[in-house]
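Working notes, beginning with the structure itself.
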Amino acid sequence: MTNIIPINPKLSHLSPVAPVVDYDRLLSDWLATKRSAHTRRVYRQDIDAFLSETESTLGKFLAGDRYQSFETVSIYKGEMLTGGLKSATINRRLSAIKSLVSYAYSSGHCEFNLENVKGEKIQGYRDTSGIDADSFRRVLAVCDRSTIKGIRDYALLVLLWSNALRRSEVSNANIGDFDREMARLRILGKGRGEYEYISLSEKTVNALNDWLGARGETNPDQPLFCSVNPAYSEGRLSVNGIYNIVSERSAQAGINKRMSPHRVRHSSITAALDATGGDVRKVQKLSRHSNLNTLMIYDDNRRNHQGEVSDLLNDLI
């Protein structure tokens, strides 16, 4: 019979009991550090996919040592590569895992990090092509501005084009963010923790005024763009809703290229570079790219230096 020696209460502090970790809470707290609701949603999906495909739990994964964890994530990366996932998707999933591990490590809930796990090398914005101004005018022309839907879609498209906005920036905007008198709009840009004001052209201000007038809504807390479906008239126009409007209106205009809000952004930036004679500093104010090198990709693609040099080489043979 084994004797159980009771612990002296005065010495109990020498044998601390490890606290039980609430991993659901840990995951929620980590996601709360991400500003964008879209990022929180996608990162949650990425973590769920990782745990499912590695047949693990968050607690089991974080309890491993650095060698086991590195091997697990590396094998997972290899499976994504052989599964044909795009490099951008692989990098995003790895980024989500590494970010969560870093948070857990800093919080004292794991004993490793994943700094040695490297992502795939990719060149951002490989295809910056869009459509020209004449083609976009055709898209605007299909909006029947005798209807409230046509008035809304026209205002939305003009805003996207003239300010090269991202669809999330438009979706998140409220009526109160639109300053008619100062001709500006307050937006929360990508990756930014503070709002910023962008200047609006006269045509954009008029289009927004027409839309708000037809809508008959003045509450500053209401979304700038909403559904015109009677059943959802109070609903904020989602990023998917904005995507569908751009896609459908472009198809109606006979645009063969697959269009999206981001393709409109590409089109605007390229057209701005053409209109300013390639003034990347000036156009950077429009695109709000933090890295000028990203904008240079647009300019290089616009100029097509590669095609020009290829023609020169052909002339030599």
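The values are calculated or read from the model by the stated rules, or taken from the named source; none is laboratory data. What you are looking at is a predicted structure, and each value in this text was computed from that prediction instead of being measured. All Cβ positions, glycine included, derive from the backbone under ideal geometry; neighbour counts span all protein chains shown. These accessible areas exclude ligands, DNA and RNA; they are computed on the full protein's heavy atoms, side chains included. Shrake-Rupley method; radii C 1.70, N 1.55, O 1.52, S 1.80 Å.
In the context of the full set of protein chains, the chain has a per residue accessible area of 60 Å² (1.4 Å probe). Ligands, DNA and RNA aside, Arg302 has an accessible area near 70 Å² when probed at 1.4 Å. Look at the Cα gyration tensor of region 30-91: its axes a ≥ b ≥ c give a/c of at least 1.5 with a/b at or below b/c, and that counts as oblate.
Relative contact order of region 136-285: 28 percent, from C-alpha pairs under 8 Å at least 6 residues apart in sequence. Match the structure shown to one of the listed values (i) 20.4, 61; (ii) 17.9, 57; (iii) 26.0, 96 of Rg and Dmax of the Cα atoms in Å, computed from it, and give that label. Evaluating Rg and Dmax of the Cα atoms in Å on these atoms matches (iii). In a reduced charge model with +1 at each Lys and Arg Cβ and -1 at each Asp and Glu Cβ, the chain shows a dipole moment near 260 debye about its Cα centre. The fraction of accessible area contributed by carbon and sulfur in the chain is 49 percent, rounded to a whole number (1.4 Å probe; ligands and nucleic acids excluded). Within the chain, the longest segment free of exposed loop sites, counting GluC sites (Glu not before Pro) that fall outside DSSP classes H, G, I, E and B and have at most 12 other Cβ atoms within 10 Å, spans 235-317. Normalised by the number of residues in the chain, the average gap of Cα pairs under 8 Å and 6 or more apart makes the relative contact order 16 percent. Here is what passes the span test in the chain: the DSSP H helices with alpha carbon length of 18 Å or more along the helix axis and a Kyte-Doolittle mean of 0.0 or above are 87-106, 148-163.
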